[in-house]
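The values are calculated or read from the model by the stated rules, or taken from the named source; none is laboratory data. The structure displayed is predicted, hence computed values, not measured ones. With ideal geometry, Cβ positions are generated from the backbone for all residues, glycine too; neighbour counts draw on all protein chains shown.
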Amino acid sequence: MRRLLAAVLFFVTAPVAHAAEPQTCADVEIIATAGTGAASVYDDPANIVSFGVGTNFVAHVVERFGNVSAWQTPYPASAGVAGTVGPNKDTVVLPYGKSQQIGVERVVGRLSEMAPACPNTKWILVGFSQGADITGDVAQLISSRQAPIGPDRLLAAYLVADPGRARVLDQDGMTDTGTSGTMTADGAVLVRTSASSPAPGTVGLAGARPNGAFSNLPGKVRHICAGDDPACTVMPGGLLAGAAARANADPADGYDGHPATLRSMLIDGSLHRALGPHGAQLLDAVTFGRFQEAEQIFARAAGTPGLSPEQAAAITLFGHELLGTALGVDIPDQSFTGDAAVDRLINVYLTTNRELRYASAMSRNHTAYTGESRDSVVRIDGARADDWLESDMHAVITKELGAAQHVAPVPYAERDTWWQRFGHPQWSAVQFILGSDHPWARALWDFYGL
């Protein structure tokens with residue numbers, strides 16, 4: 001099962017990419033885990049970037065307290081070759097399930113390293129998307145007392161766009177800092193936002209954690225999920241959930257050949273050169289379930305003259321991922337016309353159309369928490385989600401230490417003036433070319449107050 005490995009991770013201390021220098025123990029340490037494409041196994045954990053885009057709220061919180069530290073999780077942040085269409089910080093390409101597993105190991109390894117050396121330190125965990133999936137699994141281990149720290153040493157966990165979100169209950173809830181929301185079956189509080197709420201029965205893309213996963217962390221675990229974000233809102237057993245289940249279970253065989261990214265192949269034209277001549281045949285084979293034929297088509301495409309070994313590996317693995325996704329989708333065999341070919345097309349259409357609104361809006365809705373997208377912005381109590389995170393995290397630490405006064409979040413109106421609207425396209429162009437963590441991109445973000 002998806003969570004089986006996490007349940008035994010406390011037996012293993014995973015190697016951490018960077019050895020920690022001797023340091024004074026902080027009262028509170030924040031572990032931040034960015035999402036797919038926004039982290040790398042080569043990251044310096046001391047270089048705090050929060051989610052890699054948006055307000056660097058973790059760094060801001062650390063600056064306000066002299067006795068709070070932070071650690072940025074270095075992990076592949078990969079979702080397979082198919083996930084390399086956009087910018088990716090890491091050159092390591094792995095299936096989502098393997099990447100997520102490594103992330104859990106890295107966070108557990110950090111806790112294993114620090115908890116005995118700093119017996120009075122407490123922790124806050126925060127993650128976005130795949131990073132939220134990692135953070136939630138670690139919080140589950142902590143709640144079940146299978147982690148290097150017990151529930152009393154976890155002050156809060158923030159799961160933003162969590163692919164492991166459990167279904168929403170018909171029950172009001174409240175965080176330990178007084179934010180109202182709705183309880184979820186795993187024992188977290190789904191914080192109310194300006195976005196639509198997740199529909200009843202929906203769960204995260206990677207499958208829900210067990211009921212009561214956070215039962216020993218009352219009020220400490222916060223879900224933030226826009227109802228139209230497919231990372232945290234899909235129907236169990238549906239098209240997207242089935243595709244994700246295949247990706248999550250995909251073995252890592254073949255990925256050690258360092259495949260090229262689809263982004264690089266789109267830029268240099270090699271992807272079109274390899275797959276273009278086979279497009280119609282491939283679509284026909286996949287639509288009508290002739291997966292062995294489709295596999296052979298991908299094999300021929302990978303043999304296109306002029307492809308590098310890395311590009312050929314990318315084509316082969318992309319085919320494996322795509323066909324695995326197709327196998328994970330249950331297409332009904334309902335008769336409408338009596339013509340098998342026409343009925344197949346109708347069934348495929350009906351199956352895909354049910355969740356089309358989620359998939360088609362993936363980019364816009366999934367980037368609505370941090371200001372990366374200006375089309376749709378998720379707000380909590382009048383502030384953008386990442387600004388609210390900074391304020392609430394500050395409240396958690398203040399409650400624990402009693403060392404500072406409340407810090408109100410930046411009102412969204414101050415993020416949406418003509419100045420930000422002028423600067424956002426400039427930042428967007430720079431981050432697309434250089435990456436959101438590039439100093440020029442960060443400088444533009446801060447200069448325009450995005």
**Study point:** Members of region 276-326 found to be hydrophobic (A, V, I, L, M, F, W, C), without any contact (Cβ under 8 Å) to a residue 40 or more places away in the chain and surrounded by 14 or more Cβ atoms within 10 Å (Cβ to Cβ), listed by number
**Key:** 282, 285, 291, 294, 297, 298, 301, 302, 307, 312, 323
Practice item. State whether the residues of region 194-210 include one that is in the same structural domain as residue 98 (by the TED database), hydrophobic (A, V, I, L, M, F, W, C), buried (at least 24 other Cβ atoms within 10 Å of the Cβ) and touching a strand residue (DSSP E or B) at 6+ places or on another chain (Cβ under 6 Å). Key: yes
Practice item. Answer yes or no: is there a residue in region 23-40 that is farther than 25 Å from residue 262 by Cβ, modelled with pLDDT under 90 and assigned to a loop (DSSP other than H, G, I, E, B). Key: yes
Practice item. Please state which one of 396, 377 is β-branched (Val, Ile, Thr), within 26 Å of the chain's Cα centre (by Cα) and assigned to a helix (DSSP H, G or I). Key: 396
Point to revise | The lone exception for residue 176 - which of (1) more than 15 Å from residue 225 (Cα to Cα); (2) surrounded by fewer than 21 Cβ atoms within 10 Å (Cβ to Cβ); (3) out of contact with any Gly (no Cβ under 7 Å at 6 or more places or on another chain) it fails | key: (3)
Review point. In region 62-73, which residues are of a type in the set (A, V, I, L, M) and within 19 Å of residue 39 (Cβ to Cβ)?
Key: 62, 70
Study note, to complete from the structure: In region 385-421, anything under 17 Å from residue 26 (Cα atoms), at pLDDT below 85 and not aliphatic (A, V, I, L, M) is listed as 402
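This table checks each residue for (1) touching a Ser or Thr at 6+ places or on another chain (Cβ under 7 Å); (2) surrounded by 23 or more Cβ atoms within 10 Å (Cβ to Cβ).
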residue: 111; (1), (2): no, yes
residue: 121; (1), (2): no, no
residue: 135; (1), (2): yes, yes
residue: 151; (1), (2): yes, no
Review point. Got at least one residue in region 74-91 being of a type in the set (A, V, I, L, M), more than 17 Å from the chain's Cα centre (by Cα), in the same structural domain as residue 203 (by the TED database) and crowded, with 24+ Cβ neighbours inside 10 Å?
Key: no
Point to revise | Filtered residue count, region 156-170, keeping only those that are within 18 Å of the chain's Cα centre (by Cα) and assigned to a strand (DSSP E or B) | key: 4
